[in-house]
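Structure first, commentary second.
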Amino acid sequence: MVWIDTDMGFDDILAVMMVAASSKPVAGVSLVFGNAPMDAVRANAAGAVSLLGWRFPIHTGAERAILGGVETPAHVLGPTGIPTRGRSLPQAEALPRTDALAALTAWLEGLDAPGEILALGPLTNIAILSLARPDLLSKIDSVTWMGGGATRGNHTASAEFNAFADPEAVAIVFASGISLRVADLDLCRQVLVGPEDVDVVRAVGTQKAEILADLLGAYVDIALNSGRSAMALYDPTAAAAFVAPDAFVFEDAEVTMELAGAHTRGRTIVDQRPHVKPNALWGMRADAARVRALALDALVEAARS
Ligand code: RIB
Ligand code: CA
């Protein structure tokens, strides 16, 4: 059984679909602010459950960062965090507001062997867990996180969004001793999705296909609207590293989080010089064809069902 922590944008939903389609059963999901404020993240989760028939429990976590901010990419994704070319997720009944920290600690306490966590948003929930229940960190086998960027950022010139939204949480998690695998922007930029993939999903011809194609299309439009021909698959690349780690090369790195830089706050500084003290495995290479296939197969299978 595995746990997923997510800020439930479209790429998060596709990542969850990929894990749900794998041999790793999902024990639970914790929501965190990020792609949108928590109310919209909860609405997205409820809509995804309605559309995709997810049966695992989804719990509500941190609504703001460790220092209290609520940073979102609303200027790119709009108020819902999931733009569309037309159709949207179904308007569904609100999820029960069950507490994520309580649910995650209960899951960890019940494990016979350490469990894996896939983190797809700001690390606030994981940071709070590590401070509130350090005794449970030995029950975490690893956290695979989509976040950070060794070279350039996406939310700022320096910083990737999940890191920038809660840099203190990143610093806390990287200092906690938890075994971390990081799928950063540079790794995810090796795996691209484009207009032709939208056509493949729409060609399934069902109502679900129309919705998923409109959501995927709007995700691709993020790149097309800024003059690029294809969009990086962010969370799906982390999900692929989670379900198919043999499709990736990870290397030791000592990662520091910039907290104070006037222009660099939220930047991950990735040091791989000799004699560093590694605190993470950093994704260096992805088998892009394999990752794309896992993502597109999950979309087409969901569209058909
Ligand atoms: O920077 C990309 C990350 O920010 C992805 O996880 C996306 O869903 C947003 O959370
Ligand atoms: Ca995300």
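Quick note: the coordinates plus some simple rules give every number you see, no bench work behind them. Predicted, not measured: the structure shown is a model, and the values here were computed from it. Methodologically, a virtual Cβ is constructed for each residue, glycine included, from the backbone with ideal geometry; neighbour enumeration extends over all protein chains shown.
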query: Expressed as a fraction of 2.2 N^0.38 Å, the rule-of-thumb size for a compact globular protein of N residues, what is the C-alpha radius of gyration of region 40-163?
result: 1.18
- line: Dividing the helical contributions, -39500 (n - 2.57) per DSSP H run of n ≥ 4, by the residues of the chain yields a 222 nm value, nearest 500 deg cm²/dmol, of -11500 deg cm²/dmol
- prompt: Say we join alpha carbon atoms closer than 10 Å with springs in a Gaussian network model of the chain; which of 56, 164, 250 then has the biggest fluctuation?
  reply: 56
query: Whole-Å semi-axes of region 217-305's equivalent ellipsoid, largest first, each the root of 5 times a Cα gyration tensor eigenvalue?
result: 30, 20, 11
- request: Starting from 0 in steps of 10 Å, tell me what percent of the Cα-Cα pairs of region 255-295 lands in each bin.
  value: 23, 31, 29, 16, 0
- prompt: Among 81, 34, 115, whose mean-square fluctuation peaks in a Gaussian network model of the chain (Cα, cutoff 10 Å)?
  reply: 115
message: Give the separation of the Cα centroids, region 133-170 to region 238-284, in Å.
response: 9 Å
Per residue Cα convex hull volume in Å³ - calculated over region 15-72: 84 Å³
Region 148-277: mean projected area of Cα convex hull, nm²: 9.7 nm²
message: Please list, short to long, the whole-number percent of alpha-carbon pairs of region 98-154 in consecutive 5 angstrom bins beginning at zero.
response: 4, 17, 28, 25, 13, 6, 6, 2, 0
- request: DSSP loop (so not H, G, I, E, B), at most 14 other Cβ within 10 Å: list which trypsin sites (Lys or Arg not before Pro) in region 105-212 pass both filters.
  value: 152
- request: Would you kindly compute the Cα radius of gyration of the chain and its largest Cα-Cα separation (Dmax), both in Å?
  value: 17.8, 55
Scattering curve values for region 76-126, log₁₀ I(q)/I(0), Debye with Cα scatterers, q = 0.15, 0.16, 0.17 Å⁻¹: -0.71, -0.78, -0.83
- prompt: Taking the simple approach of a point 7 Å from Cα along Cα-to-Cβ for both residue 106 and residue 225, what is their distance in nm?
  reply: 4.0 nm
query: When all C-alpha to C-alpha distances in region 98-201 are sorted into bins of 10 Å, what percent of pairs does each bin hold, rounded to whole numbers?
result: 14, 41, 27, 15, 3
- request: Considering only 162, 154, 279, give the residue with the highest GNM mean-square fluctuation for the chain, with springs between Cα atoms whenever their separation is below 10 Å.
  value: 154
Ranked packing of 119-127, 92-100, most packed first, by mean Cβ within 10 Å: 119-127, 92-100
Full-stretch length increase - residue 200, residue 301 - with 0.36 nm per residue and alpha-carbon distance subtracted: 35.2 nm
- line: By the C-alpha gyration tensor axes a ≥ b ≥ c (rounded if a/c is under 1.5, else prolate when a/b exceeds b/c, else oblate), the shape of region 218-265 is oblate
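Packing-wise, with mean Cβ within 10 Å as the measure, how do 102-113, 57-68 rank, highest first?
Per-residue mean Cβ counts within 10 Å order the peptides as 57-68, 102-113.
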